[in-house]
1. So, in the stretch 116-142, how many residues would count as being assigned to a loop (DSSP other than H, G, I, E, B), in contact with a strand residue (DSSP E or B) (Cβ under 6 Å, 6 or more places away or on another chain) and either free of Cβ contacts under 8 Å to residues at least 24 places away in the same chain or more than 16 Å from residue 161 (Cα to Cα) (or both)?
2. What do you reckon, is residue 168 under 20 Å from the mean Cα position of the chain (by Cα) and either within 21 Å of residue 134 (Cβ to Cβ) or surrounded by fewer than 16 Cβ atoms within 10 Å (Cβ to Cβ) (or both)?
3. What are the residues in the stretch 140-165 that are surrounded by 11 or more Cβ atoms within 10 Å (Cβ to Cβ) and under 22 Å from residue 186 (Cα atoms), if any?
4. Name every residue in the stretch 94-112 that is modelled with pLDDT of 85 or more and over 23 Å from residue 14 (Cβ atoms), in order of residue number.
5. If you go through the stretch 145-169 one residue at a time, how many are outside any strand (DSSP E or B) and closer than 22 Å to residue 182 by Cβ?
(Lines give C-alpha, C1' and ligand atoms only; values in the text may rest on other atoms or scores of the structure.)
Protein backbone atom coordinates (compact mmCIF):
# COMPACT_ATOMS: atom_id res chain seq x y z
CA UNK A 1 0.00 0.00 0.00
CA UNK A 2 1.18 3.54 -0.73
CA UNK A 3 2.43 5.44 2.30
CA UNK A 4 -0.45 7.52 3.68
CA UNK A 5 1.58 10.74 3.73
CA UNK A 6 2.51 10.25 0.07
CA UNK A 7 -1.09 9.35 -0.77
CA UNK A 8 -2.33 12.55 0.87
CA UNK A 9 0.21 14.65 -1.00
CA UNK A 10 -0.70 13.06 -4.33
CA UNK A 11 -4.40 13.57 -3.66
CA UNK A 12 -3.69 17.23 -2.88
CA UNK A 13 -1.98 17.51 -6.28
CA UNK A 14 -5.02 16.00 -7.97
CA UNK A 15 -7.45 18.32 -6.20
CA UNK A 16 -5.26 21.32 -6.99
CA UNK A 17 -5.01 20.30 -10.65
CA UNK A 18 -8.79 19.96 -10.97
CA UNK A 19 -9.42 23.26 -9.18
CA UNK A 20 -6.90 25.31 -11.14
CA UNK A 21 -7.16 23.36 -14.41
CA UNK A 22 -3.46 22.55 -14.41
CA UNK A 23 -2.11 20.69 -17.44
CA UNK A 24 -1.98 16.92 -17.09
CA UNK A 25 1.63 16.93 -18.26
CA UNK A 26 2.56 19.15 -15.31
CA UNK A 27 0.54 16.96 -12.94
CA UNK A 28 2.31 13.79 -14.14
CA UNK A 29 5.73 15.36 -13.80
CA UNK A 30 4.96 16.55 -10.25
CA UNK A 31 3.66 13.10 -9.26
CA UNK A 32 6.78 11.45 -10.69
CA UNK A 33 9.06 13.84 -8.83
CA UNK A 34 7.29 13.31 -5.50
CA UNK A 35 6.44 9.62 -5.59
CA UNK A 36 8.39 8.07 -8.45
CA UNK A 37 6.65 5.28 -10.35
CA UNK A 38 4.17 4.73 -7.50
CA UNK A 39 3.17 8.40 -7.61
CA UNK A 40 2.62 8.25 -11.35
CA UNK A 41 0.61 5.03 -11.07
CA UNK A 42 -1.61 6.57 -8.38
CA UNK A 43 -2.24 9.88 -10.14
CA UNK A 44 -2.62 8.88 -13.78
CA UNK A 45 -5.80 6.74 -13.68
CA UNK A 46 -7.47 9.25 -11.39
CA UNK A 47 -6.63 12.08 -13.75
CA UNK A 48 -8.08 10.12 -16.67
CA UNK A 49 -11.27 9.04 -14.91
CA UNK A 50 -11.71 12.46 -13.36
CA UNK A 51 -11.16 14.49 -16.51
CA UNK A 52 -14.83 15.42 -16.80
CA UNK A 53 -15.56 15.41 -13.08
CA UNK A 54 -16.33 18.45 -10.99
CA UNK A 55 -14.63 18.59 -7.58
CA UNK A 56 -17.18 17.63 -4.93
CA UNK A 57 -19.60 16.12 -7.44
CA UNK A 58 -21.65 13.13 -6.35
CA UNK A 59 -20.17 9.85 -7.64
CA UNK A 60 -22.24 7.33 -9.51
CA UNK A 61 -24.08 4.72 -7.47
CA UNK A 62 -21.69 1.76 -7.71
CA UNK A 63 -19.57 -0.17 -5.18
CA UNK A 64 -16.36 1.37 -6.55
CA UNK A 65 -17.76 4.88 -6.54
CA UNK A 66 -18.84 4.56 -2.93
CA UNK A 67 -15.22 4.68 -1.80
CA UNK A 68 -13.85 6.91 -4.59
CA UNK A 69 -11.99 10.14 -3.78
CA UNK A 70 -14.02 13.37 -3.77
CA UNK A 71 -14.53 14.73 -7.27
CA UNK A 72 -13.78 11.42 -8.99
CA UNK A 73 -16.69 10.13 -11.05
CA UNK A 74 -16.69 6.37 -11.61
CA UNK A 75 -19.57 5.12 -13.78
CA UNK A 76 -21.50 1.97 -12.95
CA UNK A 77 -19.78 -0.88 -14.82
CA UNK A 78 -22.19 -3.68 -13.98
CA UNK A 79 -23.33 -6.16 -16.63
CA UNK A 80 -21.63 -8.33 -19.23
CA UNK A 81 -18.83 -7.03 -21.41
CA UNK A 82 -19.28 -6.80 -25.17
CA UNK A 83 -17.45 -9.40 -27.25
CA UNK A 84 -15.47 -6.70 -29.07
CA UNK A 85 -13.79 -4.14 -26.82
CA UNK A 86 -12.95 -0.69 -28.21
CA UNK A 87 -11.05 1.97 -26.26
CA UNK A 88 -11.42 5.60 -27.33
CA UNK A 89 -9.01 8.09 -25.77
CA UNK A 90 -9.50 11.85 -25.90
CA UNK A 91 -5.90 12.63 -26.85
CA UNK A 92 -3.92 14.46 -29.50
CA UNK A 93 -1.03 13.13 -31.59
CA UNK A 94 1.62 11.63 -29.24
CA UNK A 95 5.08 13.18 -29.33
CA UNK A 96 6.75 9.79 -29.20
CA UNK A 97 5.95 6.22 -28.18
CA UNK A 98 8.85 5.26 -25.93
CA UNK A 99 7.67 4.12 -22.47
CA UNK A 100 11.18 4.66 -21.12
CA UNK A 101 11.16 8.41 -21.73
CA UNK A 102 7.63 9.61 -22.49
CA UNK A 103 5.96 11.71 -19.78
CA UNK A 104 3.17 13.39 -21.73
CA UNK A 105 -0.49 12.67 -21.03
CA UNK A 106 -1.21 11.58 -24.61
CA UNK A 107 1.54 8.97 -24.58
CA UNK A 108 0.82 7.77 -21.04
CA UNK A 109 -2.87 7.35 -21.84
CA UNK A 110 -1.85 4.82 -24.50
CA UNK A 111 0.86 3.12 -22.43
CA UNK A 112 -1.48 2.53 -19.48
CA UNK A 113 -3.79 0.66 -21.85
CA UNK A 114 -1.21 -1.51 -23.65
CA UNK A 115 1.49 -2.14 -21.02
CA UNK A 116 1.49 -3.58 -17.50
CA UNK A 117 4.15 -3.54 -14.81
CA UNK A 118 4.96 -6.19 -12.25
CA UNK A 119 2.41 -4.58 -9.96
CA UNK A 120 -0.19 -1.83 -10.19
CA UNK A 121 -2.12 0.46 -7.90
CA UNK A 122 -5.84 0.03 -7.29
CA UNK A 123 -7.50 3.26 -8.41
CA UNK A 124 -9.95 3.34 -5.52
CA UNK A 125 -8.13 1.86 -2.53
CA UNK A 126 -4.53 2.80 -3.35
CA UNK A 127 -3.44 -0.79 -2.63
CA UNK A 128 -0.61 -2.41 -4.59
CA UNK A 129 -2.11 -5.24 -6.67
CA UNK A 130 -0.65 -7.96 -8.98
CA UNK A 131 -0.20 -7.28 -12.67
CA UNK A 132 2.53 -9.14 -14.58
CA UNK A 133 3.70 -10.61 -11.29
CA UNK A 134 1.17 -13.05 -9.88
CA UNK A 135 2.79 -12.86 -6.44
CA UNK A 136 5.84 -11.61 -4.58
CA UNK A 137 7.58 -12.08 -1.27
CA UNK A 138 10.20 -10.23 0.74
CA UNK A 139 13.01 -11.19 3.05
CA UNK A 140 12.87 -10.53 6.80
CA UNK A 141 14.06 -6.92 6.68
CA UNK A 142 12.18 -6.10 3.45
CA UNK A 143 15.35 -5.27 1.50
CA UNK A 144 14.86 -7.97 -1.11
CA UNK A 145 11.79 -8.67 -3.24
CA UNK A 146 11.24 -11.86 -5.22
CA UNK A 147 8.56 -11.64 -7.92
CA UNK A 148 6.86 -14.65 -9.50
CA UNK A 149 5.96 -13.67 -13.04
CA UNK A 150 2.81 -15.01 -14.65
CA UNK A 151 3.54 -17.83 -17.09
CA UNK A 152 0.89 -16.85 -19.64
CA UNK A 153 2.42 -13.49 -20.59
CA UNK A 154 3.40 -12.85 -24.21
CA UNK A 155 4.49 -9.92 -26.32
CA UNK A 156 2.28 -8.96 -29.26
CA UNK A 157 4.46 -11.10 -31.57
CA UNK A 158 3.89 -14.17 -29.40
CA UNK A 159 7.28 -14.24 -27.66
CA UNK A 160 7.07 -15.10 -23.95
CA UNK A 161 7.77 -12.35 -21.40
CA UNK A 162 10.34 -13.17 -18.73
CA UNK A 163 12.36 -11.53 -15.96
CA UNK A 164 15.09 -10.43 -18.37
CA UNK A 165 12.60 -8.15 -20.15
CA UNK A 166 11.97 -6.23 -16.94
CA UNK A 167 15.68 -6.12 -16.13
CA UNK A 168 16.46 -4.73 -19.58
CA UNK A 169 13.76 -2.07 -19.28
CA UNK A 170 14.98 -0.83 -15.89
CA UNK A 171 18.63 -0.78 -16.94
CA UNK A 172 17.72 1.10 -20.09
CA UNK A 173 15.96 3.78 -18.03
CA UNK A 174 19.11 4.16 -15.93
CA UNK A 175 21.38 4.41 -18.97
CA UNK A 176 22.45 8.08 -19.28
CA UNK A 177 22.16 7.83 -23.07
CA UNK A 178 18.40 7.20 -22.70
CA UNK A 179 17.96 10.56 -20.90
CA UNK A 180 14.91 9.23 -19.07
CA UNK A 181 13.10 11.34 -16.47
CA UNK A 182 12.13 8.11 -14.71
CA UNK A 183 15.64 7.58 -13.30
CA UNK A 184 14.67 8.75 -9.76
CA UNK A 185 12.04 5.98 -9.67
CA UNK A 186 14.93 3.47 -9.70
CA UNK A 187 16.63 4.93 -6.63
CA UNK A 188 14.73 2.47 -4.40
CA UNK A 189 16.81 -0.36 -5.92
CA UNK A 190 20.16 -1.02 -4.30
CA UNK A 191 22.83 1.15 -5.98
CA UNK A 192 20.10 2.90 -7.97
CA UNK A 193 21.09 6.36 -6.75
CA UNK A 194 24.76 5.52 -7.24
CA UNK A 195 24.32 4.49 -10.85
CA UNK A 196 22.35 7.68 -11.38
CA UNK A 197 25.60 9.41 -10.44
CA UNK A 198 27.37 7.02 -12.87
CA UNK A 199 29.50 5.31 -10.23
CA UNK A 200 28.28 1.78 -9.45
CA UNK A 201 26.45 -0.86 -11.50
CA UNK A 202 22.75 -1.33 -10.87
CA UNK A 203 22.05 -4.22 -8.51
CA UNK A 204 18.67 -5.75 -9.40
CA UNK A 205 18.90 -8.41 -6.70
CA UNK A 206 18.03 -6.15 -3.76
CA UNK A 207 16.10 -3.00 -3.01
CA UNK A 208 17.23 -0.32 -0.60
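1. So the answer is 2.
2. The answer is yes for residue 168.
3. 143, 144, 145, 146, 147, 148, 149, 161, 162, 163, 165, listed by residue number.
4. Residues satisfying the conditions are 97, 98, 100, 101.
5. Summing the residues that are outside any strand (DSSP E or B) and closer than 22 Å to residue 182 by Cβ in the stretch 145-169 gives 11.
The values are calculated or read from the model by the stated rules, or taken from the named source; none is laboratory data. Here the structure is a predicted model, which means the values were calculated and not measured. All Cβ positions, even for glycine, are placed from backbone atoms using ideal geometry, and neighbour counts span all protein chains on display.
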